[in-house]
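For reference, the structure is listed below as structure tokens.
The values are calculated or read from the model by the stated rules, or taken from the named source; none is laboratory data. All values reported here derive from a predicted model rather than from experimental measurement. Heads up, the Cβs are rebuilt from the backbone with ideal geometry, glycines too, and the neighbour counts pull from every protein chain shown.
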Amino acid sequence: MYEYIMGRVMSIKDEYVVLDNNGIGYRIFTSKNSLVDIVPDEEVTMYIYFNQRDDGVSLYGFKTEEELDIFNMLLLVSRVGPKVALGVLSTLTPNQTKLAILNNDTQTLCRVPGIGTKTADRIILELRDRIDKDDIAYDDSAIRDTGNIEAAVHGMISLGYTRGEILGAMNKMDITDMSTEDIMRQVLKRLST
């Protein structure tokens, strides 16, 4: 139904963003990988998955089409719904997800909250043939460690900063290969100036 929604970021929460498009606020659930790249009051494009169930309608969106493609692929697995698929993309990058599936790496998939060994095995079994080996980047430096970033965000929130302020500061910095403490230190410097 929707391919993408372009709009101004009105607010950023733990699991979703609110985009204003022509006076309509869309609540779009998204991954932690996408949240890191979103800045309050910025114009963004979110690639959308429309989910309609008996208990309501939800929008899931991502900053990249690759992330949406992996999300849609994960939904093809029996007993994997949008929340579990979102959990995968909040814990692993699309590239890490594809590598885990191709390498039969259940241990990596089990790092995702809500995924046990049986579900990880099912994801690997049902999606292995759908992954294009040529699309995978094998350079580990290109993989973002969202664990350190998320820990830093939670630490800064406990100091009284909002997620929007924190992510806005992080987006102006190069935080690759930084520890949680270093990220917090740099964000504090940026926010105190």
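Can you give me the number of residues within segment 1-17 that are over 15 Å from the mean Cα position of the chain (by Cα) and either buried (at least 19 other Cβ atoms within 10 Å of the Cβ) or within 30 Å of residue 173 (Cβ to Cβ) (or both)?
Within segment 1-17, residues that are over 15 Å from the mean Cα position of the chain (by Cα) and either buried (at least 19 other Cβ atoms within 10 Å of the Cβ) or within 30 Å of residue 173 (Cβ to Cβ) (or both) number 8.
Considering only segment 75-98, state which residues are assigned to a helix (DSSP H, G or I) and in contact with a Ser or Thr (Cβ under 8 Å, 6 or more places away or on another chain).
Selection gives 82, 84, 86, 88, 89, 90, 91, 94, 96.
Step by step: first the residues of segment 89-99, then only those that are modelled with pLDDT of 90 or more and closer than 13 Å to residue 132 by Cα, then the one that is surrounded by the most Cβ atoms within 10 Å (Cβ to Cβ). Which residue is that?
Checked segment 89-99; the qualifying residue surrounded by the most Cβ atoms within 10 Å (Cβ to Cβ) is 97.
May I ask you to say which residue of 148, 171 is surrounded by 14 or more Cβ atoms within 10 Å (Cβ to Cβ) and at pLDDT below 90?
148
For segment 110-133, does any single residue satisfy the condition of being at pLDDT below 85 and not in a loop (DSSP other than H, G, I, E, B)?
Checked against the condition, which is being at pLDDT below 85 and not in a loop (DSSP other than H, G, I, E, B), segment 110-133 yields at least one hit.
A quick yes/no check of all residues on (1) crowded, with 17+ Cβ neighbours inside 10 Å; (2) closer than 23 Å to residue 176 by Cβ; (3) in contact with a Ser or Thr (Cβ under 7 Å, 6 or more places away or on another chain); (4) touching a residue at least 40 places away in the same chain (Cβ under 8 Å):
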{"position": "38", "(1), (2), (3), (4)": "yes, yes, no, yes"}
{"position": "52", "(1), (2), (3), (4)": "no, no, no, no"}
{"position": "61", "(1), (2), (3), (4)": "yes, no, yes, yes"}
{"position": "67", "(1), (2), (3), (4)": "yes, yes, yes, no"}
{"position": "70", "(1), (2), (3), (4)": "yes, yes, yes, no"}
